[in-house]
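Below is one structure, written out as structure tokens; the observations come after it.
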Amino acid sequence: MTAPVPHEPSSASLVRLVAAREVSTRIRDKGFIVSSVVILLVIIGAVLFQVLAGSGDDETRIGLVGGDASVVTALEAQGEALDVDVEVVEYDDEPAARTAVEDEDVEGVLLAGGEPELLVRESAGGTLEAVVQGAVGQLAIAEQLTAAGIDELEVPEVGVTAVDADAAADGQRVVTAIFGVVILYSLLILFGQFIAQGVVEEKSSRVVELLLATMRPWQLLAGKILGLGLLALGQIVAIGVVAVVAALTFDVVEVPGDLISTVAVVIAWFVLGYAWYAAVFAVAASLVSRQEDLATVLMPTSMVLVVAFFIGIQAASDPGGMLARVTSYIPGLSPLVMPVRQAAGEVALWEIALAVVLMVLAIGLVVRLGGRIYSGALLRTGGKIKMREALAAERA
Amino acid sequence: MLEFDGLHKSFGEVRVLEGVGFTVAPGSMFGFCGSNGAGKTTTMRIAMGLVRPDTGEVRWQGRPLDQASRRRVGYMPEERGLYPKMKVGEQVTYFARLHGLDAAAAAKASRDWVERLGLGARRDEQLEKLSLGNQQRVQLAAALVSRPEVLILDEPFSGLDPVGVDSLAEALLDQVRQGVPVVFSSHQLDLVERLCDSVGILARGRMVAAGTVEELRRREAGRLLRVVVPDAAPDWAATLPGARVVSEQNGDTLLDLDGGADDQAVLAAALRTGRVTHFAWQQPTLVELFRGAVAAPAPEEVAA
């Protein structure tokens, strides 16, 4: 047996070793693979649903017997005015048109002879009748005007000025942000659970004693958070890319730039939110020694996450409201509220900066204080440890 | 030298260690005995930096053990500890890397040790699928894989069948032959007596005895004399000066002699009763030494 030459590993390399173990263990875990695939499928499903729901809107096929090109033009123009896609299908004679109506190839057929007549299967729908009536009426007026010697009629065009030109784009961004908040919430809960389970597994199997003989508690904590964090980041980026690509492919969004920037904002807030929740979950988990006791200690933090989630959703409908405004600064809540406000486009830069700074400070606090609780609690097994005891044990 | 020096530790009101100290020479095995709750685990945890002593320190080669030098210590905790769902080979490799081996060396050392402890075929199985005895072997592999300079093992033999005990003992003796100081705690005193060069007995947070088994015996010996006189009356020794009868049964007599008592006078008295079939200083077993040492300061505790 040859003698290997051990060297003193740096903090960074210890953290990296722990992180690598987390990644390689988790990536082979069936639960993780299944949850990742399910989330991606849900995203694609949601986009497809959007496509189907969007394409289902009014399209009317109108048959036409007789009449010239002006009738086709008038029908189409009328359709456009009424926000209905009109497709005109011309038939040679009435029997052919009747068959088409009976086969439901078209919704109705306009017999444009001397006396215009609309053939329908049972009864004419509101839009169909409106389109045909409008087109026929317009043509008749034009004919009568021509007959009266008036070729060109000066009709003043109504100018349209949009009061909130961005409304559509805002709406779209808010929908994206809500979508993002749902994903963010799911991933935070999922990875928070992963972290907590990992901490308890190390405690209940006592492997932590062996680990702490070679590294400091903070290195272990940092490695776990970082390793799972990379996986989580990979997952949310994958989701973001899939969602953007799917949305662009199926032409669901009108402003791709806005979509991408909103996705980027959600991902950035995910990083901050993850760091905070992961640390809190890990520290809470270190207080118990059995998986069964986990739910109890994670409860308060999970509740905060749930509350943040609902405020985030609420903020979508009232992004400028007092509730959204205040909670978007509060660390822990901000990662789920601020992205929605940012998407709605009603946030000043200083507000975002303030929320980020507060969140970073909170992360620093949790890592410092939580790291001490974690160190004090790791080697104490049996029952649930009080936070104060853990802090005292750390100093002992 | 591995030196445990003046360790004191209290958890709240409870004083667990009150001045524990002993030394272990390189290439020797030290058996650490004591009743449950005597402070053995706390002493070992202090050495591994898992518990901070109130005073005192543990030194290796003259320098206090710190995070860096502890990496050169192989450790087996009392309640064992490995990842249940991690594969055997990967697990041992991981611990080798935590002890500072690079990836290639760690993989090779892991393969070698797993093979050597007879687990080659189980390398790709999850730890929890193995029997407890085999899990214990993996634990040993995790402690030995980084070629430690020092071994500290808390109850390494507990839960092993006799074959497992022998193979672990062989592995430890092999480490000793390579110059590694080995400290292990155990309740199996016959094992300690058989394997260890020196022994420490811990009771109520203090070392009540430390030294080679031979030294401990010598300290106790010179006191107990066994004389078998089949024809003697039951009270034949009652009047001997400086001797107290510990037990007497059909002439098989155990005598506790004062420092000044003359053993030859006892022999003469014995011969006067008739045949003497046995006359020798009693060699106390480690079990007897242990009982004596643990019980000595406060016999009522043992009685209770």
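The values are calculated or read from the model by the stated rules, or taken from the named source; none is laboratory data. Computed from a prediction, not measured in an experiment: that's the story for all the values here. Every residue, glycine as well, gets a Cβ built from its backbone with ideal geometry; the counts of neighbours run over all protein chains shown.
Summary table
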| read-out | value |
| --- | --- |
| Where a residue in segment B:258-284 is assigned by TED's automatic domain parsing to the domain that holds residue B:247 and its partner, wherever it lies, is part of a strand (DSSP E or B) and among the hydroxyl-bearing types (Ser, Thr, Tyr), with Cβ under 9 Å and at least six apart | B:270/B:253 |
| Among residues of segment B:257-286, those that are surrounded by 15 or more Cβ atoms within 10 Å (Cβ to Cβ) and of a type in the set (Asp, Glu), counted | 1 |
| Extreme residue, surrounded by the fewest Cβ atoms within 10 Å (Cβ to Cβ), among residues of segment B:223-252 that are assigned to a loop (DSSP other than H, G, I, E, B) and charged (D, E, K, R) | B:235 |
| In segment B:86-98, the residues that are touching a Ser or Thr at 6+ places or on another chain (Cβ under 6 Å) and within 7 Å of chain A (Cβ to nearest Cβ) | B:98 |
| Top-ranked residue in segment B:253-304 [being among the aromatic types (Phe, Trp, Tyr) and either part of a helix (DSSP H, G or I) or modelled with pLDDT of 85 or more (or both); ranked as nearest to the chain's Cα centre (by Cα)] | B:290 |
| Any chance residue A:21 is surrounded by 12 or more Cβ atoms within 10 Å (Cβ to Cβ) and out of contact with any Pro (no Cβ under 7 Å at 6 or more places or on another chain) | yes |
| Every residue from segment B:61-73 that is more than 7 Å from chain A (Cβ to nearest Cβ) and either in contact with a strand residue (DSSP E or B) (Cβ under 9 Å, 6 or more places away or on another chain) or among the small types (Gly, Ala, Ser) (or both) | B:61, B:62, B:64, B:65, B:69, B:72, B:73 |
| Residues located in segment A:190-220, provided they are within 39 Å of the chain's Cα centre (by Cα) and not in a helix (DSSP H, G or I) | A:205, A:216 |
| Filter pass, residue A:308 being in contact with a Phe, Trp or Tyr (Cβ under 8 Å, 6 or more places away or on another chain) and in a helix (DSSP H, G or I) | yes |
| Of all residues in segment A:1-13 being at pLDDT 75 or above and within 7 Å of chain B (Cβ to nearest Cβ), the one that is nearest to residue B:145 (Cα to Cα) | A:7 |
| Lone unmet requirement of (1) loosely packed, with under 11 Cβ neighbours inside 10 Å; (2) at pLDDT below 70 for residue A:123 | (2) |
| Residue B:83, sole failed condition from (1) more than 7 Å from every other protein chain (Cβ to nearest Cβ); (2) in contact with a Leu (Cβ under 9 Å, 6 or more places away or on another chain) | (1) |
| Condition met for residue B:121 (aliphatic (A, V, I, L, M), in a helix (DSSP H, G or I) and within 9 Å of chain A (Cβ to nearest Cβ)) | no |
| Only listed residue being of a type in the set (Gly, Ala, Ser), closer than 22 Å to residue A:9 by Cα, within 23 Å of the chain's Cα centre (by Cα) and buried (at least 20 other Cβ atoms within 10 Å of the Cβ), chosen from B:96, B:47 | B:47 |
| Single residue of segment B:99-116 satisfying the filter (part of a loop (DSSP other than H, G, I, E, B) and surrounded by fewer than 22 Cβ atoms within 10 Å (Cβ to Cβ)) that is farthest from the other protein chains (Cβ to nearest Cβ) | B:102 |
| Residue in segment B:227-246 that is touching a residue at least 24 places away in the same chain (Cβ under 8 Å) and within 34 Å of the chain's Cα centre (by Cα) present | yes |
| Candidate set from segment B:74-86 (those that are in contact with a strand residue (DSSP E or B) (Cβ under 9 Å, 6 or more places away or on another chain) and surrounded by fewer than 18 Cβ atoms within 10 Å (Cβ to Cβ)); member that is modelled with the lowest pLDDT | B:78 |
